[in-house]
1. So, GLY36, is that one of a type outside the set (Lys, Arg), on the phi > 0 side of the Ramachandran plot and crowded, with 19+ Cβ neighbours inside 10 Å or not?
2. In the range 7-25, is there at least one residue being hydroxyl-bearing (Ser, Thr, Tyr), at pLDDT 95 or above, in a helix (DSSP H, G or I) and over 29 Å from ARG270 (Cβ atoms)?
3. Going residue by residue through the range 63-79, is there one that turns out to be outside any helix (DSSP H, G or I) and out of contact with any Leu (no Cβ under 6 Å at 6 or more places or on another chain)?
4. Out of all the residues in the range 89-97, is one or more more than 22 Å from GLY160 (Cα to Cα), at pLDDT 95 or above and of a type in the set (Phe, Trp, Tyr)?
5. If you take just the helices (runs of 4 or more DSSP H) that sit entirely in the range 149-266, which of them hold at least 2 residues that are out of contact with any Leu (no Cβ under 7 Å at 6 or more places or on another chain) and within 28 Å of SER96 (Cβ to Cβ)?
6. Every residue in the range 228-257 that is polar (S, T, N, Q) and closer than 16 Å to ARG209 by Cβ, please.
7. Criterion first (surrounded by fewer than 17 Cβ atoms within 10 Å (Cβ to Cβ), at negative phi and in a helix (DSSP H, G or I)) does GLU101 satisfy it?
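The values are calculated or read from the model by the stated rules, or taken from the named source; none is laboratory data. These figures come from a predicted structure and were not determined experimentally. Heads up, the Cβs are rebuilt from the backbone with ideal geometry, glycines too, and the neighbour counts pull from every protein chain shown.
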Amino acid sequence: MWVWAPAAWAQLDVEALIRSGDAAWAARAEGHDGRGLAAEEPIARAIRAYEAAVALDPDRLGAHWRYVRALFFEGEYAHSEPDARQASFDRAAAASNAAFEALARRSSDAKALRRNDPERTRAAFAAKLHPDVARIHFWSALAWGARGRYYGILDGVRNGVARRLYRYAEVTIALEPTLAHGGPHRLMASLQQRVPRIPFLTGWVDKDRILPELERAMAIAPDFPGNQLLYAHTLLDLAPERREEARALLNQVAALEPDPSEVVEQLEMRESARETLAEQFNQPTLHAP
């Protein structure tokens, strides 16, 4: 992989690197396969730019969360081989650790980052930094959660990752609940659904929170296909009497035309909805247009 050299850094400032990364991020769907798999090079360009920005200014919080987000996207949408996906998520987790080191340096109360106290975390940062703080917590949660798929839920419970993700979700909900179309509420619902309640280890798990958290996400962005898809899947699992409501939501997602800003992500959502309709309702699988 091509790496930024110090001589190249001297020709660019951090803002220019972030702008370059943002341009590559906006073009991340170039060359996609039409079903939710991105080409590798567009997102690799974003990763290289953000990596260079972080190296040039390790305290630039906006560079850190962008770097974690790009590595998460690479693993989730640009690789099909398990080993390559895991490698991206491992890098994202390492980038997340570096981001939290930067947060500690920028914080007036570094211990707040290790406690499940969203208000204390809020107070530890100047208000102008809250969006970056929220995004570091949110994208780190997605990256660590994706990485955890390769190591197992119980391993995540034992090593404290599950509780860490819960803390990240709580902080993001407190700071910016509307982020990513209600993403913090989707994150919390997924954690509550996937993590088992184990005495003395996961006492924070509350299965009664699952649907209310998704309802909050739906209230924030009712037309966002990610909210509709997760809500539909959850209704099928937890409220079978609402099966037809789930089916209606799945049909909406299955018929969507992806938003140009999230083409790959929404194509993957559309495929998932179509597969669920075929499995749960015997609806013929549609071919992508």
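1. Considered against the rule, which asks whether it is of a type outside the set (Lys, Arg), on the phi > 0 side of the Ramachandran plot and crowded, with 19+ Cβ neighbours inside 10 Å, GLY36 comes out as yes.
2. yes
3. Scanning the range 63-79 turns up at least one residue that is outside any helix (DSSP H, G or I) and out of contact with any Leu (no Cβ under 6 Å at 6 or more places or on another chain).
4. Scanning the range 89-97, I find no residue that is more than 22 Å from GLY160 (Cα to Cα), at pLDDT 95 or above and of a type in the set (Phe, Trp, Tyr), so the answer is no.
5. Per the criteria, 153-158, 161-175, 179-194, 210-220, 225-238.
6. Within the range 228-257, just THR234 meets the criteria.
7. For GLU101, the condition - surrounded by fewer than 17 Cβ atoms within 10 Å (Cβ to Cβ), at negative phi and in a helix (DSSP H, G or I) - is met.
To keep it simple, each residue is scored yes or no on (1) over 21 Å from the mean Cα position of the chain (by Cα); (2) in the same structural domain as HIS130 (by TED's automatic domain parsing); (3) at pLDDT 95 or above.
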residue	(1), (2), (3)
GLY182	no, yes, yes
GLU213	no, yes, yes
TYR231	no, no, yes
ALA239	yes, no, yes
GLU257	yes, no, yes
VAL263	no, no, yes
GLN266	no, no, yes
